[in-house]
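Data first, discussion second: the structure below is written as structure tokens.
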Amino acid sequence: MSISTEQGQWDYEAYAAIPKDDKKHEIVNGEHFVNPAPNLYHQELSRHIQIQLYTQIEIKRFGKVIDAPVDLQLSNHDIVQPDLVVVMRQRYDILTPTKILGIPDLVVEILSASNSDHDLKTKRKLYESAGIPEYWIVSPENHDVLQLILVDGVYVEQTENESISMKTSPYAIVDLTRVW
């Protein structure tokens, strides 16, 4: 299938028409981004974080912990695929059979050498402007997590390297010494 959408004009309909190709496609402000599939270490870190969040959130029925690939649609021109997404029970209305449509409680991105600026700059700006309350940026190279908490519409950051705790209930804690 051929897609004739001009750069800067991408919407969900054009995004949904992209043929499956084992690459990560995202739309930010109508601009199409393509990245290769993550490496095995990236996936290992994601799994280690997911398991810890899952046992404290999903097993206890506080919310859902969803791993990639999953479409997170923040607007008609903003569709991303975070590594992990946490949606607490009170926001279940944003879960659809095919995607997450709205603002989750926590988004986790794991940096890849090929696209770290995308997560550190482009997606940070998108998540902040969309009003995502908490965003974790995991650095496999530095063995730390940049935790961004939305305060008065602006992310306040701190770096954690031993453990990290969600700033909202149920205050799930990830032991980072068990992630690396």
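No lab work stands behind these numbers, since they all come straight from the coordinates. Keep in mind the model is a prediction, meaning the values are calculated, not measured. With ideal geometry, Cβ positions are generated from the backbone for all residues, glycine too; neighbour counts draw on all protein chains shown.
Given R0 = 25 Å, the distance between the Cβ atoms of Gln90 and Leu120 translates into a calculated FRET efficiency of 0.25. Cα axis of helix 40-56 to longest principal axis of the chain: angle in degrees, 0 to 90, nearest 10? Roughly 60 degrees, rounded to the nearest 10.
Would any residue of the range 104-142 have its amide N under 15 Å from a label point 7 Å out along Cα→Cβ of Trp180? List them or say none. Residues 111, 138-142 qualify, since their backbone N sits under 15 Å from the label point.
Loop-resident trypsin sites (Lys or Arg not before Pro) (DSSP state other than H, G, I, E or B) in the range 14-76 with no more than 16 further Cβ atoms inside 10 Å of their Cβ: Lys20, Lys23, Lys60, Arg61.
Annotation note: GluC sites (Glu not before Pro) in the range 106-180 located in DSSP loop regions with a Cβ neighbour count of at most 12 within 10 Å are Glu141, Glu162. For the range 38-178, the relative contact order works out to 18 percent when only alpha carbon pairs closer than 8 Å and six or more residues apart are counted.
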